[in-house]
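The values are calculated or read from the model by the stated rules, or taken from the named source; none is laboratory data. Quick caveat, the model's predicted, so the values are computed rather than measured. These accessible areas exclude ligands, DNA and RNA; they are computed on the full protein's heavy atoms, side chains included. Shrake-Rupley method; radii C 1.70, N 1.55, O 1.52, S 1.80 Å.
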Amino acid sequence: MNKKYHMKQEIIDRLEYVEETYAGEIETWRDPVTGSYYHIPISVHRDWDNSEAVECSGRWPTSHF
C-alpha cells in the first residue's frame, strides 16, 4: 500500500520533474538525494475572472457536438 503524508518543504525544493502520468492527472517527480519517486496529483484552477474573449475566424466549430 502506498503511503500518503505531508511532504516537507526541503524535499519539495529538490524534486526533479520526470513525466506526466495518467493522462495529465498525476505527475511523477524524483528525489535525487534518496532516489525515491513520487506521484503528485495535479489540480487545475480555472481563473474565470481573468478570462478574455477571442475572435473566431472559422477555425473552431460553432457547435460542441
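Ordered by solvent-accessible area of protein heavy atoms (1.4 Å probe), largest first, the residues E20, E27 come out as E20, E27. R14 exposes around 70 Å² of accessible area when a 1.4 Å probe is run over every protein chain in place.
Report the gain in length on full extension from Y38 to V18: 0.36 nm times residue separation, minus Cα-Cα distance, nm rounded to one decimal. Roughly 6.2 nm would be gained on extension. Couplings 3J(HN,Hα) for the range 7-12, derived from phi with the Karplus relation 6.51 cos²θ - 1.76 cosθ + 1.60 (θ = phi - 60°), are 7, 5, 4, 5, 6, 4 Hz, where x marks Gly and Pro.
Here's how it looks for I26: its modeled amide H is under 5 Å from those of T21, I42, which are all 5 or more places away or on a different chain. Sequence-ordered 3J(HN,Hα) estimates for the range 28-43 from the Karplus curve with 6.51, -1.76 and 1.60 and θ = phi - 60° stand at 9, 10, 10, 8, x, 6, 9, x, 6, 10, 10, 8, 10, x, 9, 10 Hz, glycine and proline given as x.
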